[in-house]
Amino acid sequence: MSQVKTAISDRARSERRLGWLLCAPAAIAMLAVTAYPIGYAIVLSLQQVDLRFPDEGGFVGLQNYGAVLSSDLWWTDLFNTIFLSVISVSIELCLGMVIALVMHRAIFGRGVVRTSVLIPYGIVTVVAAFSWQFAFAPDTGFINHLPFIADDKDWFGERFSAFSVIIMAEVWKTTPFMALLLLAGLTTIDDGLYDAAKVDGASAWQRFTRITLPLMKPAILVALLFRTLDAFRIFDTIFIMTNGAQDTQSVSILGYQQLISRLNLGLGSAVSVLIFVCVLFIAVFFVKFLGARQPDGSST
Amino acid sequence: MAEIVLDKVTKKYGDGYEAVKSMDLEIADGEFMILVGPSGCGKSTALNMIAGLEDISEGELSIGGEVVNNRAPRDRDIAMVFQNYALYPHMTVRENMGFALKLAKVDGKEIDAKVEEAAATLDLTEHLDRKPANLSGGQRQRVAMGRAIVREPKAFLMDEPLSNLDAKLRVQMRTEVAELQDRLGTTTVYVTHDQTEAMTLGDRVAVMKSGVLQQVDSPGNLYNDPVNLFVAGFIGSPSMNFIHGQVNGGEVELPFATIPLNDDLKGAAGGDREVICGIRPEHFEDAELIGDHLGDGVTFEAKINLVESMGSELYAYFESGSEESGKVEEAASAAGLEALAGGDAGQVVTRLPPESKAKRGETLKFWVDPDRLLFFDPESGNRLKS
């Protein structure tokens, strides 16, 4: 190996140096906006920092983490977050797949179909959340005036009905994104394979399950990864609709409340770091355990 | 095994374009039929209609005596080999070959046995557990063939299966395909744009142009007895020469020679008239090398403007000197022969033995065989026969 290293020509070396130099600004910007805040949050999480009591402070080790992990609130919120993520991402995957297939196969008005499907994704989350909240509001909303729905149903007054509205809003807002990612995967599949499968005797459903799904696995995993990470950090929709009432709080809301409402930077940072660890775990799980291989056998 | 019959089969698209026009073709049980033609001639569309991948607009298609117009591909019991092979990238060679049988719910052991038998025939046994991405072009091609043969279908449909291979491998696979078809005896429809493949592979060849079937015949008959300018120009490499001629009292006057006509050609011309005269390059000879046969033909001198040496033969080109080459170009263009329509009509190519002393820029005495001329009608492009 050392021989190989010394065999690098001056030209190759200077090109490599140029490569590093060209990457440097981006790398420095990344470090400044991500690594530093993460590092600072970790440092804060190991200290007692409460802006209401600025004089009391100092290094407390893992005490903040102990406080968070031994609190029922954290576990309830973690359950809520996982529940919301799993349900909404699952619905989004199914709906997104249907929409992607429609967009892919649309013969007439392909451009119109694709654009109109993307509209919800272009709306600010807070605005979308307010719209859904108004629609489901017991007094002014139109949902309660629909048939088979009690006129006085208080959607946000009970945990799981509130969850269902939150999930609907999330699904409505982000399914287009899922569909777009899946469509990208769908377009990479050679149409000739479907002809071959037809001749081989596959029904439409068999073509979907035996050809489309396996070949879309990388695209599906990327879409799931992006959306799960996104869903796990759910904040805006809950903040607008319930602000965590009726036990609908997510871990992000918990972190926000500790940090911003209660000004307990130490405890809030510990929650943030724990969310970060969860997100990291999800990412590693998807990349390492599910998406390590391309369908044709080469590694990703 | 089964015969395939196309009865006035037409493919019309929504915009009114007719890709295949009222095609009549009978393919006998066990026959190797080639569909050949330039790109866009409708040959692949015709194949896709037989496969059931394209709907038939008009006419009737039957396989094994049953009309299958409204049957899905899966219910036609045919296997297809695609130009790009269309192997499933996520499946191993074994899974690719066994996919159709698995869908047909054939017993696992039986699938394995059939796949292994086919793999042995195609020399694929050691690659059975590899994915298509890790195979060479030739191996992928064989997997595509294997996927077709394990099913033991009524017919094989092959859509330019060799066109993605390099020239050497193509020749090798051509032989293998021919042997395989011969051994299995399964009715095969083979689409190609390569007239060499068409001539070497098939029992019969169907030549198509602009959606219309031009001639269906054995390779030999297509070559020696074409029905029109298109077939004459499409089959054979280098192509047949087309020269404007005037028939005058038992002779045809070509720009470079006057050639006496035999009875057949006299009958074909049917009197004095304008014709397009077709002469294949090999029916010219170097007069010095013709020996005893000199008296059987007509000699003339021409100035050579290009010599291409192929090693085993020489192609010598000369200008026909015809003032009517525009008429040949027009007829060729009407017949769909793009190369001649482009302005090469005045150029005559001859195929000479390598011993010939033909040199660029020099004048050579040529000999031409008067019995091998073909006459075509300048208006319709149809062959004139007695």
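The values are calculated or read from the model by the stated rules, or taken from the named source; none is laboratory data. Fair warning: this is a prediction, and the values are worked out from it, not measured in the lab. Positions of Cβ are generated from backbone atoms using ideal geometry, with glycine treated the same way; all protein chains shown enter the neighbour counts. Calculation scope for accessible area: heavy atoms of the full protein, side chains included, ligands and nucleic acids excluded. Shrake-Rupley method; radii C 1.70, N 1.55, O 1.52, S 1.80 Å.
Figures for the structure shown
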| item | result |
| --- | --- |
| Among residues of segment A:196-208, those that are more than 7 Å from chain B (Cβ to nearest Cβ) and either assigned to a helix (DSSP H, G or I) or under 22 Å from residue A:91 (Cα atoms) (or both), counted | 5 |
| Residue B:116 vs. criteria within 13 Å of chain A (Cβ to nearest Cβ) and surrounded by fewer than 21 Cβ atoms within 10 Å (Cβ to Cβ) | no |
| Which listed residue is modelled with pLDDT of 90 or more and open to solvent by less than 40 Å² (accessible area, probe 1.4 Å), from A:179, A:204 | A:179 |
| Cβ pairs under 6 Å, 6+ apart, first in segment A:215-228 and under 10 Å from residue A:186 (Cα atoms), second open to solvent by less than 20 Å² (accessible area, probe 1.4 Å) and outside any helix (DSSP H, G or I) | A:215/A:189 |
| Residue satisfying condition, being within 11 Å of chain B (Cβ to nearest Cβ), in a loop (DSSP other than H, G, I, E, B) and either open to solvent by 20 Å² or more (accessible area, probe 1.4 Å) or on the phi < 0 side of the Ramachandran plot (or both), within set A:189, A:211 | A:189 |
| First in segment B:155-176 and touching a residue at least 60 places away in the same chain (Cβ under 8 Å), second anywhere and open to solvent by less than 40 Å² (accessible area, probe 1.4 Å) and in a loop (DSSP other than H, G, I, E, B), Cβ under 6 Å, 6 or more apart | B:156/B:186; B:159/B:82 |
| Long-range neighbours under 6 Å by Cβ, at least six apart or interchain, first residue modelled with pLDDT under 90 within segment A:259-287, second surrounded by fewer than 15 Cβ atoms within 10 Å (Cβ to Cβ) and not acidic (Asp, Glu) | A:263/A:51; A:263/A:52 |
| Selected residue (criterion: least open to solvent (accessible area, probe 1.4 Å)) from residues of segment A:104-126 that are within 20 Å of residue A:227 (Cα to Cα) and either free of Cβ contacts under 8 Å to residues at least 60 places away in the same chain or not β-branched (Val, Ile, Thr) (or both) | A:120 |
| Counted residues, segment B:85-111 - those being open to solvent by 70 Å² or more (accessible area, probe 1.4 Å), in a helix (DSSP H, G or I) and more than 14 Å from chain A (Cβ to nearest Cβ) | 2 |
| Some residue of segment A:164-184 being within 14 Å of chain B (Cβ to nearest Cβ), under 26 Å from the mean Cα position of the chain (by Cα) and more than 15 Å from residue A:89 (Cβ to Cβ) | no |
| Candidate set: segment B:122-137, residues that are crowded, with 19+ Cβ neighbours inside 10 Å and of a type outside the set (A, V, I, L, M, F, W, C); chosen: the one nearest to the other protein chains (Cβ to nearest Cβ) | B:131 |
